[in-house]
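The structure appears right after this line, and notes come after that.
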Amino acid sequence: MSTHTKQILSFLWQSARPYKWHLLLVLQAPLVGSCFVPVTQYATKLTIDILVAHASTSFIFSDLTIPIILFIVGQVLTEVSWSISNLVSYKSIVFIKANITTRVYSYVIDHSYKFFQENYSGTISAKVNNIQVVANKIFDNIKYNLINRLTILISTAILFYIVSKEFFIIVLVFYAIFFPVVYHLSKVLHSLSQDYTSNIQKTSGLIVDSISNIFSVFMFANKFREKTSIQQGLTGVSSSEQRMLRYEFYLHLFIGITYLAVSIGVLWLLIYFRQLGKITIGDFALVLGALFHMLEVAFSLVTDITNIVKDWGELRESFNIFDKKHEIRDIAAAKDIVITKPAIVFNNISFNYDQNIAVFNKFSLNIKAGEKVGLVGLSGAGKSTLVSLLLRYFKVNNGEILIDKQNVNNITENSLRKNITVVPQDTVLFHRSIKENIMYGKLDATEAELILASKQAYLYDFIKDLPKGFDTIAGERGLKLSGGQRQRIAIARAFLKDAPILILDEATSNLDSKTEQDIQISIAELIEDKTVIAIAHRLSTLKNMDRIIVLDKGMIIEEGSHAELIQRSNGRYKELFELQGNIK
């Protein structure tokens, strides 16, 4: 058994373990029910022999007592076992499925931000959902088919042994040829199934990515390009599915030939033994009926195994999501951060993306508690990366980042981010109500706090005029709202969260001039008692910052207040400020 297979089985077992006794009761039904199939067949043989022995209709009813009891007991126990199984099933299986999805999602959500940047959201969500769905399909196949059919095959072999050792030997030879071939072809199918699933999930990711960016598709008139891209993905899906179906064809061809050979051989032997008087008419009927039932079961078992193998390949491909280990994790001794003075120190930090050219090399910056600092620089200067490192979206290669003298690597990720509010340049909302989106900043906020935050963000008048008010759905990614409205929701969240450190990343870039003026008044109130890092390309919004840091290629090339920097002849800040049409 491969390591990967062990990991999958271990994961599924841990998810199902709280319901292990429920599972035992669920799986006893196919075992009990299938055991009674050969019993009823044997009861039929006894009945035929008794009827043949009494050619007239004057046989005594008591002669049929044993077969009748076998019939009744078999039916009753089968019905009872399945009733117990179905009753226990709905009290456990639904929760096991929920456990699986919860554990998968929990693992995925603990990845670093980088993981989500590098992978299609559609592929990730497909894998998260797929694991539970496919695991349930495999379990149902095992419950309703695999256990049932395997038990019938074993018990039928025992039945043949009772009737005649010759028939038993034929069955053993059949099994010895049949199952190794099926096993070999199933292994090939397993590999092909993984390839097929991988192509399916990649194409699903392409479709989700295309639909998520539908505005760009329309704006640049690239419908044909998207259709072509998805068609190429589907070509890969079709090719891998075709290879898989070809092996299924070989498998079913082998089944058909085997079916014919075994049927002819056993039928000839039955006739021969009957002529010799070695078997009764009941034996003849029993073996013939059991033979065809056994062959049907064996070949149905092949279909079951094929489906399980394909599903297992699909499950294994989805489980590749666990192959990527968490890059950034809390250390074992991590503690929640306690902030009394929200000072920030970048101490001699170095950082680069994927072994490329360093973004920062021995970079240092001290921000005092309550200080308002603006970050300025051309695209690629390192402004957003610096903020991402502070939030621990990425981990520095060397050096340390301190908040109130506490190394961010030694504190819990959750407590770190609860103490920092970010108002991003482009706010993406949940497909939920406006109320839920604002309260994402403080889940236990009161109605009064919600209304106050919306007023502070100059959002309340807009919301109250909506037919459903705060219960209005924002739409997928918030696309039912304008960019400015989404931005004001982000600012309302910031008011509600009220964290000691505030990061403004082009916070008013999507607002019109009038709204921006209103919001700047609110922001001035919001930042009063906070440590602030403001990233801006519109430099006029940074005039009131205590200090402005000018970055270029990960280095500080200028720093000072707006008044100081604007006086520097040939200064970068002054140059950028004047390029924007501003006056001193």
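For Lys543, only one of the following conditions fails: (1) within 19 Å of Leu452 (Cα to Cα); (2) surrounded by fewer than 17 Cβ atoms within 10 Å (Cβ to Cβ). What is its number? Lys543 satisfies all of (1) within 19 Å of Leu452 (Cα to Cα); (2) surrounded by fewer than 17 Cβ atoms within 10 Å (Cβ to Cβ) except (1). Of the residues that make up the stretch 261-279, is at least one at pLDDT below 80, outside any helix (DSSP H, G or I) and surrounded by 16 or more Cβ atoms within 10 Å (Cβ to Cβ)? Yes - at least one qualifying residue is present in the stretch 261-279.
Could you please find all residues in the stretch 562-584 being at pLDDT 80 or above and at positive phi? Don't jump to the end; show me each part of the working.
Start the filter on the stretch 562-584 by keeping residues that are at pLDDT 80 or above, which leaves 562-579.
Across the stretch 562-584, the qualifying residue is only Asn570.
Scanning the stretch 346-382 for residues that are among the β-branched types (Val, Ile, Thr), free of Cβ contacts under 8 Å to residues at least 60 places away in the same chain and either closer than 20 Å to Asn419 by Cβ or in contact with a strand residue (DSSP E or B) (Cβ under 9 Å, 6 or more places away or on another chain) (or both) turns up just one, Ile349.
So that you can scan it fast, the table gives a plain yes or no per residue for (1) surrounded by 18 or more Cβ atoms within 10 Å (Cβ to Cβ); (2) within 30 Å of Ser121 (Cβ to Cβ):
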{"residue": "Leu459", "(1), (2)": "yes, yes"}
{"residue": "Ile463", "(1), (2)": "yes, yes"}
{"residue": "Ile473", "(1), (2)": "no, yes"}
{"residue": "Gln517", "(1), (2)": "no, no"}
{"residue": "Glu525", "(1), (2)": "no, no"}
{"residue": "Arg538", "(1), (2)": "no, no"}
{"residue": "Ile548", "(1), (2)": "yes, no"}
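Could you tell me which residue of the stretch 540-576 is nearest to Lys530 (Cα to Cα), considering only residues that are in contact with a strand residue (DSSP E or B) (Cβ under 6 Å, 6 or more places away or on another chain) and of a type in the set (Asp, Glu)? Going through the qualifying residues, I end up with Asp546.
Restricted to the stretch 425-464, and to residues that are under 28 Å from the mean Cα position of the chain (by Cα) and among the small types (Gly, Ala, Ser), which residue is farthest from Ile521 (Cα to Cα)? The extreme case among them is Ser433. Here the helices (runs of 4 or more DSSP H) wholly within the stretch 398-456 that include at least 1 residues being within 15 Å of Arg488 (Cα to Cα) are 434-438, 447-456. If you go through the stretch 433-479 and pick out every residue that is charged (D, E, K, R) and more than 30 Å from Ile211 (Cβ to Cβ), you end up with 8. Residues in the stretch 256-294 that are over 19 Å from Leu172 (Cα atoms), in contact (Cβ under 8 Å) with a residue 60 or more places away in the chain and out of contact with any Ser or Thr (no Cβ under 8 Å at 6 or more places or on another chain): Thr280, Ile281. Looking at (1) crowded, with 17+ Cβ neighbours inside 10 Å; (2) basic (Lys, Arg); (3) free of Cβ contacts under 8 Å to residues at least 12 places away in the same chain, which one does Lys45 not meet, given that it meets all the others? For Lys45, the failing item is (3).
Entry remark, the stretch 92-110: residues being of a type outside the set (Lys, Arg), assigned to a helix (DSSP H, G or I) and under 26 Å from Thr412 (Cα atoms) number 10 in total.
How many residues are among the aromatic types (Phe, Trp, Tyr) and within 19 Å of Val181 (Cβ to Cβ) if we restrict to the stretch 245-288?
Here is the first cut: in the stretch 245-288, the ones among the aromatic types (Phe, Trp, Tyr) are 247, 249-250, 254, 259, 268, 272-273, 284.
Next, from what is left, pick out any that are within 19 Å of Val181 (Cβ to Cβ): 247, 249-250, 254, 259.
Looking only at that region, the number is 5.
So which residues in the stretch 361-387 are assigned to a strand (DSSP E or B) and among the hydrophobic types (A, V, I, L, M, F, W, C)? Let's see the steps before the verdict.
Residues of the stretch 361-387 assigned to a strand (DSSP E or B): 361-367, 372-376.
Across the stretch 361-387, the qualifying residues are Phe363, Leu365, Ile367, Val373, Leu375, Val376.
Report whether or not Ser155 is buried (at least 16 other Cβ atoms within 10 Å of the Cβ), over 35 Å from the mean Cα position of the chain (by Cα) and farther than 24 Å from Trp82 by Cβ.
Details: buried (at least 16 other Cβ atoms within 10 Å of the Cβ): yes; over 35 Å from the mean Cα position of the chain (by Cα): yes; farther than 24 Å from Trp82 by Cβ: no.
Against the criterion (buried (at least 16 other Cβ atoms within 10 Å of the Cβ), over 35 Å from the mean Cα position of the chain (by Cα) and farther than 24 Å from Trp82 by Cβ), Ser155 does not qualify.
Taking into account only those residues within the stretch 434-457 that are crowded, with 17+ Cβ neighbours inside 10 Å and among the small types (Gly, Ala, Ser), which is farthest from Ile519 (Cα to Cα)? Of everything passing the filter in the stretch 434-457, Ala445 is farthest from Ile519 (Cα to Cα).
Is it fair to say Ser204 is among the small types (Gly, Ala, Ser) and more than 30 Å from Gln232 (Cα to Cα)? Break it down stepwise before answering.
Values: among the small types (Gly, Ala, Ser): yes; more than 30 Å from Gln232 (Cα to Cα): no.
Against the criterion (among the small types (Gly, Ala, Ser) and more than 30 Å from Gln232 (Cα to Cα)), Ser204 does not qualify.
Checked against (1) on the phi < 0 side of the Ramachandran plot; (2) in the same structural domain as Tyr183 (by TED's automatic domain parsing), Gly277 passes all but condition (1).
For the stretch 306-360, enumerate the residues that are of a type outside the set (Val, Ile, Thr), part of a loop (DSSP other than H, G, I, E, B) and surrounded by 18 or more Cβ atoms within 10 Å (Cβ to Cβ). So that I can check it myself, show each step before the final result.
Initial filter on the stretch 306-360 (of a type outside the set (Val, Ile, Thr)): 307, 310-320, 322-327, 329-330, 332-336, 341-343, 346-348, 350-356, 358, 360.
Restricting the remaining residues to those that are part of a loop (DSSP other than H, G, I, E, B) gives 323-327, 329-330, 332-334, 336, 341-343, 352-356, 358.
Across the stretch 306-360, the qualifying residues are Asp330, Pro342, Ala343.
Among residues of the stretch 242-258 being over 22 Å from Tyr161 (Cβ atoms) and in contact with a Phe, Trp or Tyr (Cβ under 9 Å, 6 or more places away or on another chain), the one that is surrounded by the fewest Cβ atoms within 10 Å (Cβ to Cβ) is Gly256.
Does the stretch 296-316 contain any residue that is within 30 Å of Gly382 (Cα to Cα), touching a residue at least 12 places away in the same chain (Cβ under 8 Å), out of contact with any Ser or Thr (no Cβ under 6 Å at 6 or more places or on another chain) and not aromatic (Phe, Trp, Tyr)?
Step one: filter the stretch 296-316 for residues within 30 Å of Gly382 (Cα to Cα), giving none.
Checking the stretch 296-316: not a single residue is within 30 Å of Gly382 (Cα to Cα), touching a residue at least 12 places away in the same chain (Cβ under 8 Å), out of contact with any Ser or Thr (no Cβ under 6 Å at 6 or more places or on another chain) and not aromatic (Phe, Trp, Tyr).
For the stretch 2-37, the set of residues classified as farther than 24 Å from Ala98 by Cα and among the basic types (Lys, Arg) is empty. The residues of the stretch 381-402 that are small (Gly, Ala, Ser) and either within 27 Å of the chain's Cα centre (by Cα) or at pLDDT below 90 (or both), listed by number, are Ala381, Gly382, Ser384, Ser388. When each of Gly382, Gly370, Gly377 is tested for being assigned by TED's automatic domain parsing to the domain that holds Arg538 and touching a Ser or Thr at 6+ places or on another chain (Cβ under 8 Å), the lone residue that passes is Gly370.
I'd like the residue in the stretch 464-489 that is in a loop (DSSP other than H, G, I, E, B) and among the charged types (D, E, K, R) and, out of all such residues, is farthest from Ile451 (Cα to Cα).
The first filter runs over the stretch 464-489 and keeps only residues in a loop (DSSP other than H, G, I, E, B), leaving 465-468, 472, 474-475, 479-482.
Going one step further and asking which of them are among the charged types (D, E, K, R), we end up with 465, 468, 480.
Numbers: Asp465: 14, Lys468: 15, Lys480: 21 Å.
Here the residue is Lys480.
The values are calculated or read from the model by the stated rules, or taken from the named source; none is laboratory data. The model shown is predicted, which means the values in this text are computed figures rather than measured ones. Cβ sites come from the backbone with ideal geometry, for glycine too, and all protein chains shown count toward neighbours.
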